[in-house]
Amino acid sequence: MTTPTAATTAAAAARGFSLKARLFRPATRQKLLAFASLIALLVFFSFASPQFLQTDNLVSILQSTAVNGVLAIACTFVIITAGIDLSVGTLMTFCAVMAGVVLTYMGMPLALGITAAIFFGALAGFVSGVLIAKLKIPPFIATLGMMMLLKGLSLVISGTKPIYFNDTPDFPAISQDSLIGYFIPSLPIPNAVLILFLVAVAASIVLNKTILGRYTFALGSNEEAVRLSGVNTDFWKIVVYTVSGGICGIAGLLIASRLNSAQPALGQGYELDAIAAVVIGGTSLSGGTGTIVGTIIGAFIMSVLTNGLRILSVAQEWQTVVTGVIIILAVYADILRRRSSSAH
Amino acid sequence: MTTPTAATTAAAAARGFSLKARLFRPATRQKLLAFASLIALLVFFSFASPQFLQTDNLVSILQSTAVNGVLAIACTFVIITAGIDLSVGTLMTFCAVMAGVVLTYMGMPLALGITAAIFFGALAGFVSGVLIAKLKIPPFIATLGMMMLLKGLSLVISGTKPIYFNDTPDFPAISQDSLIGYFIPSLPIPNAVLILFLVAVAASIVLNKTILGRYTFALGSNEEAVRLSGVNTDFWKIVVYTVSGGICGIAGLLIASRLNSAQPALGQGYELDAIAAVVIGGTSLSGGTGTIVGTIIGAFIMSVLTNGLRILSVAQEWQTVVTGVIIILAVYADILRRRSSSAH
Amino acid sequence: MAPIVTIRDLCKSFAGVRALDKAQFDLLPGEVHALMGENGAGKSTLMKVLAGVYSKDSGEVLIDGQPVDIASPRAAQALGIGIIHQELNLMNHLSAAQNIFIGREPRGRFGLFIDEDAMRTQAERIFARMNLRLDPHTPVGELTVARQQMVEIAKALSFDSRVLIMDEPTAALNNEEVADLFRIIGQLRSQGVAIVYISHKMDELKRIADRVTVMRDGQYIATVPMAGTPMDSLIAMMVGRQLTEVENDFPDTSGNEVVLEARGITRGAVVRNASFVLRKGEILGFAGLMGAGRTELARAVFGADPIDAGEVLVHGRKVSIKSPEDAVRHGIGYLSEDRKHFGLATGMDVETNIALPSMKKFLSMGVFIDQAAIEAAGERYVKQLSIKTPSVRQQVRLLSGGNQQKIVIAKWLLRDCGVLFFDEPTRGIDVGAKAEIYRLLNQLAAEGKAIVIISSELPEILRVSHRVLVMCEGRITGELAGREASQEKIMQLATRRETAAAAAEATA
Amino acid sequence: QAQQEIYIPLVSKGFQHQFWQAVKSGAEQAAKDLKVKVTFEGPETEAMVDKQIDMLAAALAKKPQAIGFAALDSQAAIPLLKKAQAAKIPVVAFDSGVDSDIPVTTTTTDNKAAAALAADKMAEMIGKSGEVALVVHDQTSRTGVDRRDGFVNRIKSAYPNIKIVSVQYGGGDQLKSTEITKSILQASPNLKGIFGANEGSAIGVVNGVKEMKRSGKVVIIGYDSGKQQKNAIMDGSMAGAITQNPVGMGYKTVEMAVKAIKGEKLPKVVDSGFFWYDKTNIADPKIASVLYD
Ligand SMILES: Nc1ncnc2c1ncn2[C@@H]1O[C@H](COP(=O)(O)OP(=O)(O)OP(=O)(O)O)[C@@H](O)[C@H]1O
Ligand SMILES: Nc1ncnc2c1ncn2[C@@H]1O[C@H](COP(=O)(O)OP(=O)(O)OP(=O)(O)O)[C@@H](O)[C@H]1O
Ligand SMILES: [Mg+2]
Ligand SMILES: [Mg+2]
């Protein structure tokens, strides 16, 4: 089917080049455009404040993205299935508390504490998954219930007090030391960022290359069709929530090791930041599409914005106003980008 | 079409009675069952604590439902269109602050303050509506942005201070006096409850009897089909959000008059209670169905639960746990009820 | 030969509807067995029970003589039963290949990773077998309904089933594709695959079916060999009475007032400089191959999609149509070819769907809805179009496909537009109802309405159109008077591609 | 010129509550008097320890001459404080201390002792026996915990006939605190007194008692000040309240920071003090000066 209009003249011209170039050109441009909002923010803040573009500050932006980034990755899975997870924030805290129980209260070795955090995260995710897949409770409500349940449990288990990791001196190192800095002293990027990066790569591989990833997209696209194809949709949905819960466990480890303590009251409200990062990153709340790269960009947009406004000493109430506006604008920019890219 | 199975034998028996009785019986039962969770809670708490079932306490429960109930009604409209509104809590506060500005800072008469609260609520709703309908920003993000924007604006406008209504002595009466108690002294139900009731009736009429209501349901059922039927869907969506915003304005008046002040920092978190009430009341988050009666029942379930647990002096962290579990159970009960009723 | 599938006394009820009432069916290896019946007769339901989508209330299903309980689609697959559903069941965000192999992805390393290359190759192999030129990587959501249907067929073929159920597979296909499909069915038959074929297109059934089972109101009527059974008697069995054919009488409308004129409508590459006039009282047929741009043109005129260039005149006056609302205000209605997504609010009831474009007619005091009037209108059309529904309060999603289509028609009849675009109006509609709709089209035209009918079934175009326009690659390539139109002439215009057209213009 | 201006960011525990707004106004007053520039920020809730750390990091990135810090968690910020030390940025702790000797000084009030004073006043007013309850703003934050424990421990150790029937938490939200108060009153018909541990809680208690028509029958003791609380004390619906000196605390923090920049020797702890106020002394200039609207 040939379509010789103005729009396709360019394509025809491109045909002179290699097939690859032709395929990749618009895609690359589209991917770069996804960064547009982030780059715009970076440029703006760099001009607005000399302090912004300093290594220290960039490192602290990276550091502050880690927790929200990992939570956002967890949310990405769930959101691609057209679900939502409001419990990620308090689940993170719950996992931190469980690590605290294992390491500090029970005095177990570090590896067991790490395992416990991820295990209990996965377990809670599993419960959400069962509620949603088997009992057909809408994700919003199931995870809202889980959010409250886990918030309460964290307080109960910790005795409403922070649990400190003073007896496990290696624990803070998980997030605060810098493996990269060890090899390249001028780049003291804390491990938390490295972990965020590793989680992102792993999540990306799972989403794009594995059967779980395929079903994640398929569930979000048309669950009934998947079921009619003979796939056990309930099972896979539970797996998705379980994996997402496990990733929240990693976020729990990151925040606990950064604060050298499990803060039982923290967590609520973090889910909105995580979901915002996912959506700013171009994942649709109606499911079926989404990328980890987008989510990471979204998380960085959030943390650059927060950091930049603080560096500019904008009054705090105005920071809130500006953040609200920028979230809307960033998503709008993404919508425009998609619209223009799909028009060609 | 005859259906001679066990299930229909009862129906056949009923055929002996009037057609009306036959039509109404299952429907009535279904409606009563919607109350089941609420009644179960009421019965439980009545047995658990002698203080629970006293007029005073029942009046307190009614009163404590007012704000969340009105917010939940506002959410019901939006949720039926398959949207969501995260800004209802901070919008309520914003409206309270605007009433404060008009009444206290500008010294205007009471009626103008009331008008201002509702007007600014509707205006903010209108903005959300435009973002969603015209700019195609997903409701979750548009209203998340609005939530932050309005939160910041409330702080900016109020100067991060509460605004008191000491110069407008009639203002607290809006919510605290009792018109019913004036006529029936043994029933000192505060006006706030009366207002909740009036808003509910009005909302019910709008939803079920007017063109706006019909389009609200239709938008949630299949927006594209409605658009292709020649309906200006953007317009009606904006109207829905505007109406919802106006109702939040009423909630703002209720809370401000109860506290005799506009508290600019309050509001965030209220949206989750409101949405929970809506969903517990049987409105589906995927749109197209819902009732105001259900929402009111949902709001009562929430406030009876909170009140009862407090009366029993359950430790706060456990209150959170129990609330989480009950929200899930209540929604599950509703799902079971629907499933069994659609099986007949 | 022993039957592969035997169904006995199968009953299945839904809320208020007895869909199957002691239905029977048997299927022999290597036969194409047609299942016929009016809309709502229970054909799809019967097949869904066999495919493990619905569980039966009572009755027996035997496979190879053994009673089985088919509890899930997976169980049906395990028994070698594959199905193409009447409604599309695709994941729009996934590619064609991904859709085909969902649940059976070829695995690579560790059994966790998906072997995309293997999947692509296998998909290409199936497409080649179907003569389908389609990149397996294309996301399904970007395909037309017809091509999506082809993907569904490819998916069913990929199962290598012993029993293949096809529920109206050709509803969205054009003749070439139908021919390809029949060729494949022929191959399968010769390999011993048993095929259940459901369709409302009688000529198709004649061409490929070996035996026919007729159903009515959920009950078994008869099973007869196709060869030797006259069409009339099959139809009589289906509808329980004799149908009379309506003949087209090609009234001369060339002198009538022009009610709608489109000039140079252009939308990207899919509609290019399309102009046409539509007169009062005429039925204008739009013919063309799949993807010719007829739907896109109609949507553009209707304001459903933005246009790049062109203008629309109504009664000779230029009007600005930026949205369906504008179009409807100017008396233009459009029945979409995709009723599930664009035609109906399937979660709402029959009467509301019928009243949806006309809501303002049912208002008292400008805001309140007169429910009694809506109900009355709903009931009027349910009767007029013989829509099979327990009540006007039934949710549309619970009706059979054909009855849903009738509701789409009803809603535009009620709206009473002067200009009506019918995009594939008889898709999935049974013969009785089809005749009904043709009669209706004629009646509407006689009342002075101007009608556009878009159809991929050439016999249908020929039967109802007073005038035929043919499209190819987004352009209008020719016009034929109804009386002189023939399948051959239409096909010639429908395949007049760009280069040929340019050559023709040069000589003219 | 602008480069020479001394800049001192204050990272607080919150910013929306009136208490923190009062600290802020004190700090701004000092900034004006001492001709330095201050900024003031804090996380939304006192649970958000990591958000506060991010704020501290951003504050340090601005290379200030000194910094004021009210730690939500006494340990979590230590790595950053070490950074500040390394960069020779003096840190003045305020409100509550840090488990470290890095801060050059701490301007603080003893929340526990203040709440114990509230307990004494409560005991005195209800005749040292009967049931009392607490409505606290937060279950985990330092201020919430200290005020609760200060009150509860004093009652337990000094007044064996007073029974604490309920401790509930309303997040400082006036509406929630009102509802909580009402349920407490409902559950305990013989309740003699309620302690509201911050402004929002105290106002909620006043509202709740009023709505349950138990005014005059229940002794209410509040904490912090604010217009409503002052009014409640004037009209007798609240018996009295504890106030810290948030304005003074903010002022002192900036003052100490400026001294630290100049290299002056500082005391380890600067106590900004707390006061009991009621109808009788609310107009006293010494009290009036530490109250805020
Ligand atoms: N899920 C359901 N719930 C309620 N009723 C249903 C459901 N599915 C089918 N029905 C009803 O069962 C009857 C048979 O429907 P079915 O879809 O089997 O018809 P069909 O013969 O395939 O018709 P068509 O030719 O129009 O596709 C119809 O009256 C339909 O309304
Ligand atoms: N959603 C879409 N995305 C991309 N291309 C589309 C889309 N819908 C239609 N097209 C393309 O637009 C062109 C015209 O399609 P259209 O549906 O108008 O054809 P048609 O003549 O109505 O044929 P059909 O019989 O398939 O309905 C085709 O090339 C088709 O591939
Ligand atoms: Mg069917
Ligand atoms: Mg078409």
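Counting, for every residue in C:103-112, the Cβ atoms of other protein chains within 10 Å of its Cβ and taking the mean gives 4. The relative contact order of chain B, computed from alpha carbon pairs under 8 Å that lie at least 6 residues apart in sequence, is 31 percent. For D:Phe94, the residues whose modelled amide H falls within less than 5 Å of its own, excluding neighbours fewer than 5 places apart on the same chain, are D:Phe69, D:Ala70, D:Ala71, D:Thr107. Note on D:Asp99 and D:Ser129: the extension gain reaches 7.0 nm, defined as 0.36 nm multiplied by sequence separation minus the Cα-Cα distance.
What is the magnitude of the charge dipole of the stretch A:136-283 about its Cα centre, with +1 placed on the Cβ of each Lys and Arg, -1 on the Cβ of each Asp and Glu, and no other charges, expressed in debye to the nearest 20? Let's see the in-between values first.
Working: 8 positive and 8 negative charges, 50 e Å.
For this selection, approximately 240 debye.
Here the stretch A:175-245 and the stretch B:278-344 have alpha carbon centers that stand 33 Å from each other. Within a straight-line Cα-Cα reach of under 23 Å, D:Lys35 can be paired with the following lysines, leaving aside sequence neighbours fewer than 8 residues apart in one chain: D:Lys24, D:Lys62, D:Lys63, D:Lys88, D:Lys252, D:Lys259, D:Lys262, D:Lys265. For the protein assembly as shown, the per residue solvent-accessible surface stands at 38 Å², with DNA, RNA and ligands left out and a 1.4 Å probe.
Between chain A and chain C, the total buried accessible area stands at approximately 2300 Å², from heavy atoms with a 1.4 Å probe. For A:Leu219, neighbours were defined as the other residues whose beta-carbon sits under 12 Å from its Cβ, and their charges (Lys and Arg +1, Asp and Glu -1) total 0.
Sequentially through the stretch B:105-119, phi angles give Karplus couplings (6.51, -1.76, 1.60; θ = phi - 60°) of 6, 9, x, 6, x, 3, 4, 5, x, 5, 4, 4, 4, 5, 4 Hz, Gly and Pro residues having no value and appearing as x.
Inter-label distance, C:Glu484 to C:Arg439: 3.3 nm, where each label sits 7 Å from its Cα along the C-beta direction. Its Cα centre serving as origin, the stretch D:17-98 has a Cβ charge dipole (Lys and Arg +1, Asp and Glu -1) of approximately 540 debye.
Would you work out the charge dipole size for chain C about its Cα centre, treating the Cβ of every Lys and Arg as +1 and the Cβ of every Asp and Glu as -1, and quote it to the nearest 20 debye? Intermediate values should be presented prior to the final figure.
Numbers: 60 positive and 63 negative charges, 96 e Å.
Roughly 460 debye, rounded to the nearest 20.
If one takes the accessible area of chain A alone plus chain B alone and subtracts that of the pair, with a 1.4 Å probe, what total in Å², rounded to the nearest 100, results?
Numbers: alone 17110 and 17050 Å², together 30800 Å².
So the total buried area for this chain pair works out to about 3400 Å².
If you roll a 1.4 Å probe over chain D with all protein chains in place, what percent of the accessible area is carbon or sulfur?
Exposed carbon and sulfur together represent 51 percent of the surface.
Shielding of peptide A:239-248 by partners, expressed as the average count of other chain Cβ atoms within 10 Å per residue Cβ, is 0.
Chain A gives an Rg/Rh value of 1.01, both radii derived from C-alpha positions and Rh following Kirkwood.
Taking amide H atoms as placed 1.01 Å from N in the peptide plane, the amide H of C:Cys472 lies under 5 Å from those of C:Thr477, each 5 or more residues away in sequence or on another chain. Overall shape: oblate for the stretch C:61-220, with the ratio a/c of the largest to smallest alpha carbon gyration tensor axis at 1.5 or above and b/c at least equal to a/b.
Taking D:Thr106, D:Thr181, D:Thr140 in turn, the Gaussian network model of chain D (Cα-Cα springs below 10 Å) assigns the largest fluctuation to D:Thr140.
Run the accessible area of chain C with a 1.4 Å probe and give the carbon-and-sulfur part as a rounded percent. Mind dumping the intermediate values first?
On the way: 9770 of 19660 Å².
Taking all protein chains in place, chain C shows 50 percent carbon and sulfur surface.
Can you pull out the buried accessible area for chains D and B, both sides counted, probe 1.4 Å, rounded to the nearest 100 Å²? Write down the numbers at each step before the final one.
Numbers: alone 13020 and 17050 Å², together 27390 Å².
Its buried surface, counting both partners, is about 2700 Å².
Report D for chain D in µm² per second (integer): Stokes-Einstein, Kirkwood Rh on Cα pairs, 20 °C, 1.002 mPa s. Show your work: numbers first, answer last.
Numbers: Rh = 19.5 Å.
Here the translational diffusion coefficient equals 110 µm²/s.
Just check the stretch D:106-149 against the gyration tensor rule for me: Cα atoms, a ≥ b ≥ c as the square roots of the eigenvalues, rounded for a/c under 1.5, and otherwise prolate or oblate depending on whether a/b exceeds b/c. Present the calculation step by step, with values, prior to reporting the outcome.
Working: a/c = 4.18, a/b = 1.63, b/c = 2.57.
Here the stretch D:106-149 falls in the oblate category.
Per-residue 3J(HN,Hα) values for the stretch A:207-224, derived from phi via the Karplus relation 6.51 cos²θ - 1.76 cosθ + 1.60 with θ = phi - 60°, read 5, 9, 10, 10, 4, 4, x, 4, 5, 4, 5, 4, 4, x, 7, 6, 4, 4 Hz in sequence order (x marks Gly and Pro).
Other protein chain C-beta atoms within 10 Å of residue C-beta, averaged over A:325-335: 5. Residue-wise HN-Hα couplings along the stretch A:241-250, as the Karplus relation 6.51 cos²θ - 1.76 cosθ + 1.60 with θ = phi - 60° gives them from phi, are 5, 5, 4, 4, x, x, 5, 4, x, 5 Hz; Gly and Pro carry x.
Computed over the alpha-carbon pairs of chain C, the distance histogram in 10 Å steps reads 4, 18, 28, 27, 17, 6, 1, 0 percent, short to long.
Just so you know, the averaged projected area of the alpha carbon convex hull for the stretch D:141-284 sits at 10.4 nm².
Excluding same-chain neighbours fewer than eight residues apart, the lysines reachable from C:Lys361 by a Cα-Cα span under 18 Å are B:Lys209, C:Lys411. Over all pairs of different C-alpha atoms in the stretch C:437-484, the reciprocal of the mean inverse distance, the Kirkwood hydrodynamic radius, equals 11.6 Å. Applying 1/(1 + (r/R0)^6) with r as the Cβ-Cβ distance of D:Leu34 and B:Asp170 and R0 = 56 angstrom yields a FRET efficiency of 0.75.
Place the peptides A:166-176, A:102-112 in order of packing, highest mean first, counting for every residue the other Cβ atoms within 10 Å and averaging per peptide.
Details: A:166-176: 17.1, A:102-112: 15.2.
Per-residue Cβ counts within 10 Å, averaged per peptide and sorted highest first, yield A:166-176, A:102-112.
May I ask you to list the residues of the stretch C:250-284 whose amide nitrogen lies under 12 Å from a point 7 Å from Cα along the Cα→beta-carbon direction of C:Leu313? Only C:258-264, C:276-278 fall inside the zone, counting backbone N under 12 Å. Where does the longest stretch of chain D lie that holds no GluC sites (Glu not before Pro) found in a DSSP loop with 11 or fewer other Cβ atoms within 10 Å? It works out to D:6-263. Descending by average beta-carbon neighbour count within 10 Å, the peptides A:82-90, A:201-209 line up as A:82-90, A:201-209, the highest first.
Can you give the FRET efficiency for D:Gln85 and D:Glu5, using 1/(1 + (r/R0)^6), R0 = 30 Å, r = Cβ-Cβ distance, to the nearest 0.05? If you can, show how the numbers build up before the last one.
Details: r = 23 Å, r/R0 = 0.77.
Calculated value: 0.80.
Between B:Lys134 and C:Glu379, take the C-beta separation as r, use R0 = 35 Å, and let me know the FRET efficiency to the nearest 0.05. List each step's numbers first, then the result.
Values: r = 38 Å, r/R0 = 1.09.
It comes out at approximately 0.35.
Where the accessible area of the stretch A:103-146 is counted over protein heavy atoms with a 1.4 Å probe, how much of it, in %, is carbon and sulfur?
Working: 1480 of 1770 Å².
Answer for the stretch A:103-146 is 84 percent, counting heavy atoms of protein chains only.
The packing ranking of peptides A:65-75, C:47-57, C:136-146, highest mean first, is A:65-75, C:47-57, C:136-146, where packing means the average number of other beta carbon atoms within 10 angstrom of each residue. Can you list residues from other chains, or at least 5 along the same chain, whose modelled amide H is less than 5 Å from the amide H of D:Ile194? Here D:Ala133, D:Val219, D:Ile220, D:Ile221 satisfy the definition. Remind me, relative contact order of the stretch C:356-508 in percent, using alpha carbon pairs under 8 angstrom and six or more residues apart? Relative contact order of the stretch C:356-508: 14 percent. Remark on the protein assembly as shown: Rg and Dmax equal 35.6, 115 Å (Cα only). Going toward the positive end of the dipole of the protein assembly as shown, with +1 on Lys and Arg Cβ and -1 on Asp and Glu Cβ, which of A:Ser64, A:Leu103, D:Ile233 do you reach last? Going by the Cα projections, it comes out as D:Ile233. Projecting label points 7 angstrom from Cα along Cα→Cβ for C:Phe368 and C:Arg397 puts them 3.2 nm apart.
The values are calculated or read from the model by the stated rules, or taken from the named source; none is laboratory data. Keep in mind it's a predicted model, so treat the numbers as computed, not measured. Glycine gets a Cβ as well: all are built from the backbone with ideal geometry, and neighbour counts include every protein chain shown. Protein only, heavy atoms only, side chains kept; ligands, DNA and RNA dropped before computing areas. Shrake-Rupley method; radii C 1.70, N 1.55, O 1.52, S 1.80 Å.
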